[in-house]
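Worksheet: one structure, shown below.
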Amino acid sequence: MSAVSDQLVTFAILVYLVAMISHAVEYALGNVRAVSARVAPARELVGAGVGGAGVTGAGGTGEVKAVGPVSGDAAGSTPPSTRRSRSADRARLAGRIAAGLTVLAAALHLGALVTRGLAADRMPWGNMYEFVLTVTWIGTTAWLVVLWKRPALRRLGLFLTLVMVLLLAFAELKLYVPVVPLMPALQSYWFIIHVSTIVFSSGIFLLGVVPAVSFLLRNGYEQGRRSFPYTLARRLPGAADLERLTFALHAFAFPIFTFAVIAGAIWAEAAWGRAWGWDPKETWAFISWVVYAGYLHARATPSVRRNVATWIAVLGFLTVLMNLFGVNFFFTGLHSYAGVE
């Protein structure tokens with residue numbers, strides 16, 4: 001089962017990659033459609049005879065003909081409206097293919113988690129490799145729910161699949177460890193309660209940072225900024241829609257994250273005789289909680305601009321990454337069982 005899980009992860013990464021390319025094709029065809037929408041120059045009417053334009057002079061025939069660019073079948077070319085329609089159809093097809101491939105990748109991803117759990121005879125959350133696999137699957141699944149509810153946001157899939165490819169590839173290359181039994185310190189029913197809620201909320205935060213960063217780019221683009229990286233947001237949904245999605249995801253995930261932190265303190269009391277000891281992972285979990293609470297407070301304060309509040313949300317996800325990677329690589333403590341050296 002362990003070998004099957006490893007193969008399914010590899011296949012999932014490949015399918016996420018193809019989905020990302022399909023999203024990029026949709027994005028590019030959107031740009032082509034914008035270029036092809038330029039209005040063709042107007043036709044000029046000139047007289048065929050010597051009498052001038054549209055005037056029957058001496059020896060003139062009185063006929064009128066068009067010169068210059070002519071669209072349509074008469075000129076043997078495709079009308080601009082037809083080209084735009086074809087580009088739009090191809091963009092929609094590429095987007096639907098990308099969405100379908102993301103569903104397939106999520107199914108492979110889930111298969112990898114299930115087979116990993118069966119191989120270990122436990123929930124697949126025992127080390128950092130398994131944690132990343134689960135968090136990314138939660139993020140993808142949540143994205144598919146959002147996509148089902150709000151199909152107009154499909155172009156965000158380009159950035160979501162990019163994040164999935166990068167995180168899963170990093171997990172495979174740097175975090176992978178063979179299947180091992182659960183450490184004695186983790187053999188408790190609190191393992192499922194605490195880690196499941198941490199994993200779930202972290203997956204939603206992972207998804208939430210995608211519209212957050214997209215909003216910052218799109219908001220700058222709508223304000224007239226045309227330098228890199230704001231030009232990346234040219235084909236994204238409106239800034240207001242992205243900001244509302246960012247808030248909704250964080251408002252949903254924050255109470256679950258709060259419960260996870262409280263459950264961790266209760267588990268620590270049962271396992272180590274104290275609810276809180278400022279262990280590095282506990283400290284960074286508290287920092288993440290404070291930052292996300294600050295984001296929600298700023299978002300609810302009318303005097304705080306939306307882009308300022310969104311930057312706080314992005315900072316919150318950076319603290320989550322620090323807790324996941326930085327603490328496990330650079331610090332030692334009671335939570336040092338990530339499975340990597």
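The values are calculated or read from the model by the stated rules, or taken from the named source; none is laboratory data. Here the structure is a predicted model, which is why all the values come from computation and not from measurement. So basically every Cβ, Gly included, is an ideal-geometry build from the backbone, and we count neighbours across all protein chains shown. All accessible areas refer to the heavy atoms of the entire protein, side chains included, with ligands and DNA or RNA removed. Shrake-Rupley method; radii C 1.70, N 1.55, O 1.52, S 1.80 Å.
Numbers at a glance
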{"quantity": "Matching entry among Phe215, Phe170 (being of a type in the set (Phe, Trp, Tyr) and free of Cβ contacts under 8 Å to residues at least 40 places away in the same chain)", "calculated": "Phe170"}
{"quantity": "Failed condition for Val179, given (1) touching a residue at least 60 places away in the same chain (Cβ under 8 Å); (2) under 18 Å from Phe257 (Cβ atoms); (3) crowded, with 18+ Cβ neighbours inside 10 Å", "calculated": "(2)"}
{"quantity": "Hits in segment 124-150 (condition: more than 19 Å from Phe215 (Cβ to Cβ), of a type outside the set (S, T, N, Q) and assigned to a helix (DSSP H, G or I))", "calculated": "Met128, Tyr129, Glu130, Phe131, Val132, Leu133, Val135, Trp137, Ile138, Leu144, Val145, Trp148"}
{"quantity": "Of all residues making up segment 121-152, the number that are open to solvent by 50 Å² or more (accessible area, probe 1.4 Å) and closer than 21 Å to Ser2 by Cα", "calculated": "3"}
{"quantity": "Pairs with Cβ under 7 Å, 6+ apart, first in segment 308-330 and in contact (Cβ under 8 Å) with a residue 24 or more places away in the chain and within 17 Å of Leu217 (Cβ to Cβ), second surrounded by 16 or more Cβ atoms within 10 Å (Cβ to Cβ) and of a type in the set (Gly, Ala, Ser)", "calculated": "Thr310/Ala212; Ala313/Gly208; Ala313/Ala212; Val314/Ala212"}
{"quantity": "Residue that is surrounded by the fewest Cβ atoms within 10 Å (Cβ to Cβ), among those in segment 281-320 that are of a type in the set (Val, Ile, Thr) and outside any helix (DSSP H, G or I)", "calculated": "Thr301"}
{"quantity": "Some residue of segment 211-232 being open to solvent by 30 Å² or more (accessible area, probe 1.4 Å) and among the small types (Gly, Ala, Ser)", "calculated": "yes"}
{"quantity": "Qualifying residue in segment 233-246 (condition: hydroxyl-bearing (Ser, Thr, Tyr), buried (at least 18 other Cβ atoms within 10 Å of the Cβ) and at pLDDT 95 or above)", "calculated": "yes"}
